[in-house]
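The structure appears right after this line, and notes come after that.
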Amino acid sequence: MSFLDAYSFIFDGESSDSYNLMMCWIDDTADISANGLRRTIDSGAVNHVRLKTNNYGVSFDGNIEFSFYIIKKDETPFTRQESMAVNRWLTRSTVPRALYFSDNAVPTLHYYAVCTEIEDKVFLEHQAKRLVFKTNSPFGFTDPAEKKFRVTGEEVFDVDNLAETVNGLFYPRILLSAKDTGAIVIENVSDQKSVTLTFSESFLPDSSGNRTLLIDSAQMKLLDVNNGGRLVPFHEVGWTTQYSSYVSSVDSFMESIYWFRLIPGTNTVKITGSCEAAFIFEFPRKAGCL
């Protein structure tokens, strides 16, 4: 099963069912060539001395694109008002939004896309719209999953890394909430690295007195959740020139900032301190258009 078998889709939080639409195919074949799986080798030149190219890796040639048709479920023509409503829905966002297909495939995947083309078509006295969605990645993504913990002292747990990235590394998002300003240590025992943070008084508490920090390791940024997503300067979490973080798995300290990550396989994670922690996983998968 794939999006070729889907009968409806969800984009930007709304379903095509809400507009009495269904997906269909008019042409004999569907164009699924822009599937994000075409890559170019990064290499040096061959000359009279170097008879083989030196390969430095690969680059993706482009992101995934989807093209398909929609018609009304009752196959009646679009009224002007109906056509305008569909057009408004699909073009109201200028940044990538979540795109799901009702294909019943496993695992469930979604994409982040912008609708870049809407073409009105007439065939055999039927009206249709041809849509093109361009995504921002050569990967599909699993549904976001969370692991939540209330830590009072120490918590140890395992996480399987399902990411299909080139190097197998994955950087999850982490939500930390705490009432006090004591140190919190997040260690990936399997990676033999850790990061230590403290909540300063500059963090805005919520009605329960909790200060909440979002660690976005992939983007290398910290956000003050209760203060409109304020970008947090590193010194407010104790990342100064005197910073160090204890790594229990090797019984030593590291002085560089560690943006928490998962390495390939099963990762053992240890949290030390007093906080509530939520790890958010949205794994990239090499699914192409299928």
Only residues that are outside any strand (DSSP E or B) and of a type outside the set (Gly, Ala, Ser): list them for the range 98-152, please.
-> Asp103, Asn104, Val106, Pro107, Thr108, Leu124, Glu125, Asn136, Pro138, Phe139, Asp143, Pro144
Only one residue in Ala85, Ala98, Ala105, Ala113 is in contact (Cβ under 8 Å) with a residue 24 or more places away in the chain and farther than 22 Å from Pro284 by Cβ. Which one?
-> Ala85
Subset of the range 251-279, residues surrounded by fewer than 16 Cβ atoms within 10 Å (Cβ to Cβ) and of a type in the set (Val, Ile, Thr), comes to Ile257, Thr266, Thr268
State whether the residues of the range 59-82 include one that is part of a strand (DSSP E or B) and open to solvent by 60 Å² or more (accessible area, probe 1.4 Å).
-> yes
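Per-residue answers, yes or no, for (1) crowded, with 17+ Cβ neighbours inside 10 Å; (2) of a type in the set (Val, Ile, Thr); (3) assigned to a loop (DSSP other than H, G, I, E, B):
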| position | (1), (2), (3) |
| --- | --- |
| Asp191 | yes, no, yes |
| Ser202 | no, no, yes |
| Ala218 | no, no, yes |
| Leu223 | yes, no, no |
| Tyr246 | no, no, no |
| Ser249 | no, no, yes |
If you check Val114 against the conditions, is it among the hydrophobic types (A, V, I, L, M, F, W, C), at pLDDT 95 or above and either within 12 Å of the chain's Cα centre (by Cα) or open to solvent by 20 Å² or more (accessible area, probe 1.4 Å) (or both)?
-> yes
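With the condition kept exactly as written, say whether any residue in the range 179-189 is in a loop (DSSP other than H, G, I, E, B), over 13 Å from Thr272 (Cβ atoms), open to solvent by 10 Å² or more (accessible area, probe 1.4 Å) and out of contact with any Phe, Trp or Tyr (no Cβ under 8 Å at 6 or more places or on another chain). Don't jump to the end; show me each part of the working.
First, pick out the residues of the range 179-189 that are in a loop (DSSP other than H, G, I, E, B): 179-183, 189.
Subsequent filtering for residues that are over 13 Å from Thr272 (Cβ atoms) retains 179-181.
Right, trim to open to solvent by 10 Å² or more (accessible area, probe 1.4 Å) and you get 179-181.
With out of contact with any Phe, Trp or Tyr (no Cβ under 8 Å at 6 or more places or on another chain) added as a condition, the list becomes 179.
Taking every residue of the range 179-189 in turn, at least one turns out to be in a loop (DSSP other than H, G, I, E, B), over 13 Å from Thr272 (Cβ atoms), open to solvent by 10 Å² or more (accessible area, probe 1.4 Å) and out of contact with any Phe, Trp or Tyr (no Cβ under 8 Å at 6 or more places or on another chain).
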Kindly indicate whether any position in the range 237-258 is under 15 Å from Ser177 (Cα atoms) and out of contact with any helix residue (DSSP H, G or I) (no Cβ under 6 Å at 6 or more places or on another chain).
-> yes
When residues of the range 9-55 are filtered for being among the aliphatic types (A, V, I, L, M) and either under 23 Å from the mean Cα position of the chain (by Cα) or closer than 18 Å to Val132 by Cα (or both), how many remain?
-> 9
When the range 129-148 is examined, which residues are found to be surrounded by 15 or more Cβ atoms within 10 Å (Cβ to Cβ) and in contact with an Asp or Glu (Cβ under 8 Å, 6 or more places away or on another chain)?
-> Lys129, Arg130, Leu131, Val132, Phe133, Lys134, Thr135, Phe139, Phe141, Thr142
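The values are calculated or read from the model by the stated rules, or taken from the named source; none is laboratory data. Note that the structure is predicted; figures quoted are calculated from it, not measured. With ideal geometry, Cβ positions are generated from the backbone for all residues, glycine too; neighbour counts draw on all protein chains shown. The accessibility values were calculated without ligands, DNA or RNA, using every heavy atom of the protein model including side chains. Shrake-Rupley method; radii C 1.70, N 1.55, O 1.52, S 1.80 Å.
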